[in-house]
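Have a look at the structure below before the remarks.
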Amino acid sequence: MTLGKDFLWGGATAANQYEGGYQEDGKGLNAIDVLTNGSATEPRKVTWIDKNGQTGFSPLVWGKEFSVPQGAKPALVDGYYYPSHTATDFYHHYQEDIKLMAEMGFKVFRLSMNWARIFPNGDDQTPNEAGLAFYDKVFDECAKYGIEPLVTLSHYETPLALINKYGGWIDRKMITIFENYAKTVFTRYKGKVKYWLTFNEINAMDHAPYMGGGLLDPTPQNRAQGAHNQFVASALAVKAAHEIDPAMRVGQMLAYAPIYAYTCDPADQIAIMEEQQKTFFYSDVQTGGYYPEYRLKYYERAGIKLDDTPEDYELLAKYSADFLSFSCYSSAVVTTHQQAAKADGNLGMAGVKNPYLETNAWGWATDPHCLRLALNTLWDRYHKPLWIVENGLGWDDKLEADGSVHDDYRIKYLRAAIKSMDDAVNLDGVDLMGYAMWGCIDLVSNGTGEMKKRYGFVYVDRDDLGNGSLKRIKKDSFYWYKKVIASNGSDLD
């Protein structure tokens with residue numbers, strides 16, 4: 001392996017799954033703070049209260065229809081467990097956790113800022129100093145160990161007040177509100193944070209519009225408008241970052257998976273093309289700088305009309321993302337042949353099971369070649385630097401009586417993933433900035449709200465109902481990844 005000496009090895013987290021401290025030091029509520037726990041068979045739920053004071057919930061499943069009753073507002077309701085409130089408590093363990101990352105040799109730590117910790121209502125006139133000070137401490141701790149922060153501005157964390165006031169990202173007022181948030185943190189952390197992402201998995205606006213944009217009524221029209229507003233806000237963030245500190249780099253974050261055809265029927269190839277266009281639309285705009293014709297034709301057929309301005313498109317073209325980061329866990333299979341067995345993954349992934357791949361208990365297939373395929377596809381399309389900022393394996397890890405956690409299955413998965421990444425760089429010439437494994441310290445699963453679906457190198461003593469000491473325990477993969485980083489990826493044994 002000949003990765004450059006500046007290759008950024010590390011791990012990734014999200015505040016709503018990891019940080020906790022949901023009401024401490026003036027923090028407001030965000031979209032995920034009213035999302036309950038769930039399981040592989042029981043969906044998570046957004047709880048709400050209507051204008052008559054009646055409470056209820058709406059199931060939330062990636063890729064499935066979601067809405068709340070007209071006039072109802074997401075809210076905390078007694079009798080439910082909300083995992084984000086404590087999560088695995090990075091808020092009180094940040095020093096310990098960053099020290100563990102440093103022990104592994106991390107060069108980068110991807111985290112998200114909890115927007116409502118900085119602006120409790122999202123559109124406050126002044127930021128919350130206690131919230132800003134917390135992230136100062138986090139970034140200073142990273143600097144102590146030579147770890148670069150990679151900071152996501154909005155990782156499914158739209159402030160709840162903005163959802164209830166504006167309907168989330170369907171309102172153009174959100175553009176200016178987000179721009180102000182971005183300018184505030186860019187200015188505050190100039191010199192401390194070089195790498196930024198605007199919206200986590202921005203294509204979640206199609207698949208999980210409440211998470212992605214706080215949409216309570218996710219019609220095709222509203223999803224299109226919400227995406228457009230985020231595109232413009234992202235371009236303005238790029239502009240602001242370059243003006244505040246020319247050394248800053250602002251990237252896109254895309255959810256991506258290679259797609260295979262189940263048969264050689266040409267109709268299946270068309271199905272692949274159409275499925276890929278749903279994803280490429282988001283990177284064509286945010287990284288490529290333009291609206292692709294295939295999406296405009298879809299809007300025309302669907303009767304979707306954007307609330308836009310000519311200046312929007314000038315901004316998109318001039319201030320596209322500096323780099324393209326993405327999540328990639330596996331691949332998908334699509335077919336037009338309905339007799340094929342449907343996939344049963346907990347996130348409702350498109351397609352059917354791949355008979356050549358193993359799957360875990362949550363229906364996720366392990367594809368040893370998905371990173372090489374993803375990297376080549378995205379590099380050939382955009383020719384901008386790439387960054388793998390989520391990749392990993394969720395598993396029900398067991399804590400042994402002697403305090404050990406033997407996760408050889410995770411090591412096997414990551415070994416294949418890193419080899420696939422290496423092939424893309426060394427055989428194909430892809431420009432890759434770094435690799436950040438998802439959930440480096442155990443955190444709450446986004447899809448199911450569980451703790452038992454664990455991803456990390458470090459086990460956290462906490463269960464699905466919030467019980468446990470929160471003690472940190474190194475897994476076998478901790479020591480393996482330390483060796484991988486020390487060898488710059490050449491030692492995968």
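The values are calculated or read from the model by the stated rules, or taken from the named source; none is laboratory data. Bear in mind the structure is a predicted one, so any value in this text is a computation, not a measurement. Ideal geometry is used to build each Cβ from the backbone, glycine not excepted, and the neighbour counts take in all protein chains shown.
As a summary of the residue check, SER39 satisfies the conditions (1) closer than 21 Å to LEU150 by Cβ; (2) in a loop (DSSP other than H, G, I, E, B) except for the one numbered (1). Checked against (1) within 18 Å of ARG110 (Cα to Cα); (2) buried (at least 22 other Cβ atoms within 10 Å of the Cβ), GLY191 meets all criteria but (2). The residue that is surrounded by the most Cβ atoms within 10 Å (Cβ to Cβ), among those in segment 257-280 that are over 13 Å from VAL333 (Cα atoms), within 26 Å of the chain's Cα centre (by Cα) and touching a residue at least 24 places away in the same chain (Cβ under 8 Å), is PHE280. Scanning segment 178-193 for residues that are of a type in the set (Val, Ile, Thr) and either in contact (Cβ under 8 Å) with a residue 60 or more places away in the chain or within 12 Å of LEU153 (Cβ to Cβ) (or both) turns up THR184, VAL185, VAL193. The combined condition, being touching a Leu at 6+ places or on another chain (Cβ under 9 Å) and assigned to a loop (DSSP other than H, G, I, E, B), is fulfilled by SER67.
The set of residues in segment 2-36 being among the polar types (S, T, N, Q), in a loop (DSSP other than H, G, I, E, B) and under 24 Å from the mean Cα position of the chain (by Cα) consists of THR13, GLN23, THR36.
Being under 21 Å from ARG44 (Cβ atoms) and either hydroxyl-bearing (Ser, Thr, Tyr) or modelled with pLDDT of 95 or more (or both) is not true of MET253.
Of the candidates TYR481, TYR455, the single residue that is touching a Ser or Thr at 6+ places or on another chain (Cβ under 9 Å), buried (at least 18 other Cβ atoms within 10 Å of the Cβ) and of a type in the set (Phe, Trp, Tyr) is TYR455. Within segment 320-330, the set of residues being surrounded by 21 or more Cβ atoms within 10 Å (Cβ to Cβ), not aliphatic (A, V, I, L, M) and not in a strand (DSSP E or B) comprises SER320, CYS328, TYR329, SER330.
The condition of being touching a residue at least 40 places away in the same chain (Cβ under 8 Å) and under 30 Å from GLN276 (Cα atoms) holds for only one of PRO149, PRO218, that being PRO218.
Against the list (1) among the aromatic types (Phe, Trp, Tyr); (2) surrounded by 17 or more Cβ atoms within 10 Å (Cβ to Cβ); (3) out of contact with any Asp or Glu (no Cβ under 6 Å at 6 or more places or on another chain); (4) at pLDDT 95 or above, the condition TYR80 fails is (2). Taken over segment 463-478, the criterion of being part of a loop (DSSP other than H, G, I, E, B) and either of a type in the set (A, V, I, L, M) or surrounded by 22 or more Cβ atoms within 10 Å (Cβ to Cβ) (or both) is satisfied by LEU465, LEU470, LYS475. Of all the numbered requirements in (1) at pLDDT below 95; (2) over 25 Å from ALA14 (Cβ atoms), ALA486 misses one, and that requirement is (1).
Please work out which residue is nearest to ASN446 (Cα to Cα), limiting yourself to segment 80-127 and to residues that are among the hydroxyl-bearing types (Ser, Thr, Tyr) and not in a loop (DSSP other than H, G, I, E, B). Among residues in segment 80-127 that are among the hydroxyl-bearing types (Ser, Thr, Tyr) and not in a loop (DSSP other than H, G, I, E, B), the one nearest to ASN446 (Cα to Cα) is SER84. Cβ separations smaller than 7 Å between residues 6+ apart or across chains give the following pairs from segment 467-493 residues that are without any contact (Cβ under 8 Å) to a residue 12 or more places away in the chain to residues that are of a type in the set (Val, Ile, Thr): ASP491/VAL484.
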